[in-house]
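Q: Please read through the structure below; I'll follow up with questions.
Computed from the coordinates by the stated procedures, all read-outs in this text should not be read as laboratory data. Predicted model, so just to flag it, every value in this text is computed and none were measured. Because the Cβ atoms are built from the backbone with ideal geometry, glycine has one as well, and the counts that use them run over all protein chains shown.
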Amino acid sequence: MARILVTGASGFIALHCIDQLLAQGHEVRGTVRSLSREAEIMTALAEAGHKQANLSLYEADLTKEAGWDDAVAGCDYVLHVASPFILGVPKHEDDLIKPAVSGVEYVVSAAIKHQVKRVVLTSSGAAITDTHDGKTHFTEADWTDVSHPKTSAYYKSKTLAEQRAWALIGEQSGAQKTELSVINPTVVVGPTLTDDIGTSNDFIRQIIAGKVPAAANLHFGFVDVRDVAAAHITAMTHDKAAGERFIVSAQELWLIELTTFLRENGYQKSPTRRMPNWLVKLFGLLDAPTKQISELLDSERYTPADKAKAVLGWQARDIHGSLLETAAQLAKMGHAK
Ligand code: NAP
């Protein structure tokens, strides 16, 4: 049994990490911005079968130094999952970049100070795929170009935060060094453990609720949240995971493939028509989130998880099953109306 800190315990992915760690018998700490979310987290874990969850919560904010020392001290491992994540466009890109980078600084510095064995950082495919060089097939050797004018604030935040983590780990001196392993998931779907559906599932909610009139020509990898959590936990102790980043992705889909699949499976408001690129660009003149999407039109993004499979023995479940589970849960929660 180990003692593990999971940051952002209220989040979609973090709560699945906590669920799996508890099921494996570990002692878990979690950070939240406000302890007012404690009851919600404990209820979710009880519903997931953890009646007496071996979890203690600490208050800490990615923008403030306070709290991180206490939360990290005495932990064997840290899963740093928390980071600001929105589907739209922030007022200012620093609203996403600053907390993402300062959060890494506080968490990784505290981990080094307290001689944590390994930090597993939740980065993203977003830190890999915006190379803006015409590439369509990506590996862990690729990095998003943060200086490119078309790179969005969220992609920059994930890239700069991951780069800061690698730099801090690389600057260590002394005999005992904290290790770093990084997980780069593509778009994460799957069942949520709380009523908070999470940012990425909100995209599925919009589709089944009829808020997406037609499918723009977008291409992304998708992966189930339970498989993402499992990758974090394997990377935490696997002897070949230290110093490595791992793409975790089940399958790439064009948006039209996803929406058509949902329509064929009973979600009648899911669009089966494509939105022409010119129309997306026209809407983008009036609407910042649509403008952001328009920068990704026609951009094929293949992100195979070959390395995670080969090194970690990681496996992904069929993404179509995950999409149906997600949509069914959202519909049951009343989100398909
Ligand atoms: P989520 O449910 O929105 O979780 C984000 C978490 O970050 C929440 O717990 C949130 O806390 C916390 N957070 C945000 N700003 C914070 C701050 N200033 N101080 C402390 N905590 C803060 O999203 P998620 O999908 O689980 O995302 C978790 C991680 O996975 C993020 O690093 C995200 O970039 C990464 N990721 C997600 C996807 C995806 O498709 N979902 C794909 C690739 C990578 P509050 O509850 O207090 O807001």
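Q: Could you give the distance between the Cα centres of the range 251-291 and the range 18-64, to the whole Å?
A: Result: 36 Å between the Cα centres.
Q: Share of antiparallel DSSP beta bridges in the chain, in percent to the nearest 5? Intermediate values should be presented prior to the final figure.
A: Working: 4 of 34 bridges.
Percentage antiparallel, nearest 5: 10.
Q: Between rounded, prolate and oblate, where does the range 124-171 land on the alpha carbon gyration tensor, with a ≥ b ≥ c its root eigenvalues, rounded for a/c under 1.5, else prolate if a/b exceeds b/c?
A: Numbers: a/c = 2.33, a/b = 1.48, b/c = 1.57.
Taking the square roots of the gyration eigenvalues as a ≥ b ≥ c, the range 124-171 is oblate.
Q: Same structure again: Per DSSP helix of 4 or more residues, -39500 (n - 2.57); summed, then divided by the residues of the chain. What does that give at 222 nm, rounded to the nearest 500?
A: Details: 11 runs with 127 residues, N = 337.
Computed ellipticity for the chain at 222 nm equals -11500 deg cm²/dmol.
Q: Whose amide H sits under 5 Å from the amide H of ASN265, counting only residues 5 or more places off or on another chain, with H placed in the peptide plane?
A: Amide H neighbours of ASN265, under 5 Å, 5+ apart: none.
Q: Then there is this: Apply the Karplus parameterisation 6.51 cos²θ - 1.76 cosθ + 1.60, with θ equal to phi minus 60°, to every residue of the range 144-159 and state each ³J(HN,Hα) to the nearest whole Hz, in sequence, with x for glycine and proline.
A: Per residue, the Karplus-derived 3J(HN,Hα) values read 4, 8, 6, 8, 6, x, 8, 6, 6, 4, 5, 4, 5, 4, 6, 5 Hz.
Q: Label points 7 Å out from Cα along the Cβ direction at GLN172 and ASP306: separation in nm?
A: Simple spin-label model gives 3.0 nm for this pair.
Q: If you don't mind, another one. Can you list residues whose amide H is under 5 Å from ARG245's amide H, if they're 5+ apart or on another chain and H is modeled 1.01 Å from N?
A: Residues meeting the criterion, in which the H sits 1.01 Å from N, are VAL182.
Q: Which ³J(HN,Hα) values, rounded to whole Hz and listed in residue order, are derived for the range 314-320 from phi using the Karplus coefficients 6.51, -1.76 and 1.60 in 6.51 cos²θ - 1.76 cosθ + 1.60 with θ = phi - 60°, glycine and proline given as x?
A: With the stated coefficients, the range 314-320 comes to 6, 10, 10, 6, 4, 6, 5 Hz.
Q: Whose amide H sits under 5 Å from the amide H of VAL6, counting only residues 5 or more places off or on another chain, with H placed in the peptide plane?
A: Here ARG29, GLY30, THR31, LEU79 satisfy the definition.
Q: Oh, and also: Put a dot 7 Å past each Cα toward the Cβ at ASP145 and HIS132; how far apart are the dots in nm?
A: With each label placed 7 Å out from Cα toward Cβ, I get 0.6 nm.
Q: Could I ask something else about it? Tabulate in residue order the Karplus-calculated ³J(HN,Hα) for the range 170-184, using 6.51 cos²θ - 1.76 cosθ + 1.60 with θ = phi - 60°, rounded to whole Hz; enter x for Gly and Pro.
A: So the Karplus estimates, Gly and Pro as x, are x, 7, 5, 10, x, 6, 9, 10, 6, 9, 10, 10, 10, 10, 10 Hz.
Q: Can you give the % of DSSP beta bridges in the range 136-263 that are antiparallel, to the nearest 5? Before the final figure, lay out the partial values.
A: Numbers: 4 of 11 bridges.
Of the beta bridges lying entirely in the range 136-263, close to 35 percent run antiparallel.
Q: If Lys and Arg each add +1 and Asp and Glu each add -1, what is the summed charge of the other residues whose beta carbon sits under 13 Å from the beta carbon of ILE319? Don't skip to the end; give the middle numbers.
A: On the way: positive: ARG226, ARG317; negative: ASP224, ASP227, GLU252, GLU257, ASP318, GLU325.
Result for the local shell: -4.
Q: Report the net charge of residues surrounding VAL225, where surrounding means a beta-carbon distance below 11 angstrom and charges are Lys +1, Arg +1, Asp -1, Glu -1.
A: Working: positive: ARG226, ARG317; negative: ASP19, ASP224, ASP227, GLU325.
With Lys, Arg at +1 and Asp, Glu at -1, the neighbours total -2.
Q: Please work out the FRET efficiency for the pair GLU47 and GLU257, using the Cβ-Cβ distance as r and a Förster radius of 30 Å; give the result to the nearest 0.05. Show your work: numbers first, answer last.
A: Details: r = 33 Å, r/R0 = 1.09.
Calculated transfer efficiency: 0.35.
Q: For the chain, take N as its residue count and report Rg(C-alpha) divided by 2.2 N^0.38 Å.
A: Working: Rg = 19.4 Å, N = 337, 2.2 N^0.38 = 20.1 Å.
Ratio of Rg to 2.2 N^0.38 Å for the chain: 0.97.
Q: Let me ask something additional. Working out 0.36 nm times the residue gap between ALA23 and SER109, then minus their Cα-Cα distance, what length gain in nm do you get to one decimal? Spell out each step's value before the answer.
A: Numbers: separation 86, 0.36 × 86 = 30.96 nm, distance 2.87 nm.
Length gained between ALA23 and SER109: 28.1 nm.
Q: Using 27 Å as the Cα-Cα cut-off, could you pick out the over-long pairs in LYS150/LYS177; LYS51/LYS332; LYS64/LYS177? Show your work: numbers first, answer last.
A: Details: LYS150/LYS177 37 Å; LYS51/LYS332 24 Å; LYS64/LYS177 25 Å.
LYS150/LYS177, as the Cα separations exceed 27 Å there.
Q: Looking only at THR290, THR178, THR129, which one moves most when the chain is put into a Gaussian network model with springs between Cα atoms under 10 Å?
A: Sorting by GNM fluctuation, first place goes to THR290.
Q: Would you kindly state how much longer the chain becomes between LEU282 and ASP95 on full extension, computed as 0.36 nm times their sequence separation minus their alpha carbon distance, in nm to one decimal? Walk me through the numbers before you get to the answer.
A: Values: separation 187, 0.36 × 187 = 67.32 nm, distance 2.66 nm.
Stretched fully, the LEU282-ASP95 segment lengthens by 64.7 nm.
Q: Another question, then. Quick check on the range 265-337: take the gyration tensor over C-alpha atoms, sort the square-rooted eigenvalues as a ≥ b ≥ c, and tell me if it's rounded (a/c under 1.5), prolate or oblate. Numbers along the way, then the final one.
A: On the way: a/c = 2.65, a/b = 1.26, b/c = 2.10.
Since a/c reaches 1.5 but b/c is at least a/b, the shape of the range 265-337 is classed as oblate.
Q: Taking the beta-carbon count within 10 Å as an exposure proxy, list SER294, SER173, SER102 from fewest neighbours to most.
A: Working: SER294 21, SER173 5, SER102 17.
Fewest-to-most ranking of SER294, SER173, SER102: SER173, SER102, SER294.
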